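Below: the structure, in C-alpha cells.
The values are calculated or read from the model by the stated rules, or taken from the named source; none is laboratory data. On a predicted model such as this, the values are computed, not experimentally measured, just so you know. Counting neighbours? That spans all protein chains shown, and the Cβs are built from the backbone with ideal geometry, glycine included. Heavy atoms of the whole protein, side chains included, go into the accessibility calculation; ligands, DNA and RNA do not. Shrake-Rupley method; radii C 1.70, N 1.55, O 1.52, S 1.80 Å.
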Amino acid sequence: MSEVVMSQQPPYGQQPPPGYGYPPPGYAPPPPPAPRKSPVGKVIGFSCLGIVGLVVVLVIAGLLIGSGNEKPAPKAPVAAAPSEKNEGAPAAPSAKAPEKKAAAITVTAQKTEFKPTIMGDGDYTSVSVTVTNNSKKTISVNPLYFAITDTAGTKHAAELMADENQIDTVELAPGENVTGSVTGKGKWTAKSVTYTDGLIGDSVRADVS
C-alpha cells in the first residue's frame, strides 16, 4: 500500500517555515482589511461644517442689515440762481374777470329841489334824471315817458310844465345823454324812477339817491 503524501498548508496569516513548499514563488499575501470609520467621527465632522456655515451666514446677514440701515446724509439746498432773462421783468398780469356789457339805455336819478313855473301852483315833488343812450340806434326822451314811485309804493305820473327844469323832449343819438327834472303831483319821498322807451318799449328803472 503506497503512501499518499498530502501537502499541508500553514494556517491563515502565518508565514510558512523555511523550505516549506507554500506559497509558490511570486505570491503575495492579501492585504489586511481596512479599519472601519466610527459613525461618531462622521457626526462630529458634519457638525463642525454646519457651525462654520451658520457663522458665515450670520456674518453676511449682519453686513447686509448694517448697510441697509445707513441713511444718506441730507443734501444742502441749492439756491436757485436768479435768471437774467426774468430779472427786473414785470409780473404777468392776472386774468381779469370779463367786463359786463353796458346796458343799451342807462338811467340815474337823484333828489332835487322843485322849482315851480307859473303853471306849477301847489305841492309837487321833483327828481333829477339823466338818460344815456348806449345803444346803436336813436332813442326818444319825453317827460311823459317817466313815472316816479314813492317809498309807500305809489306810482306817480309825470306832470308837464310844473318844474322849470323839466327834462326836454329830445332824440338821443348813440352815445348822447340828457338831464332834467321829472315832477309828480303832491308831497312824498321818491324811491325810484322808471323810463320807458317810446311808452311801449323796454323799461329801465333807477333808484333815487
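Numbers at a glance
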item	result
Extreme residue, farthest from T106 (Cα to Cα), among residues of the range 152-172 that are touching a strand residue (DSSP E or B) at 6+ places or on another chain (Cβ under 7 Å) and of a type in the set (A, V, I, L, M, F, W, C)	A162
Residue list for the range 162-177, filter: open to solvent by less than 20 Å² (accessible area, probe 1.4 Å) and under 15 Å from F114 (Cα atoms)	A162, D163, I167
The range 193-209, subset of a type in the set (S, T, Y) and closer than 18 Å to A103 by Cα, residue most open to solvent (accessible area, probe 1.4 Å)	S203
Residue check for G184: at pLDDT 95 or above and surrounded by fewer than 12 Cβ atoms within 10 Å (Cβ to Cβ)	no
Only listed residue being open to solvent by 10 Å² or more (accessible area, probe 1.4 Å) and more than 53 Å from the chain's Cα centre (by Cα), chosen from T151, T125, T138	T125
Selected residue [surrounded by 14 or more Cβ atoms within 10 Å (Cβ to Cβ), of a type in the set (D, E) and without any contact (Cβ under 8 Å) to a residue 40 or more places away in the chain] from E159, E113	E159
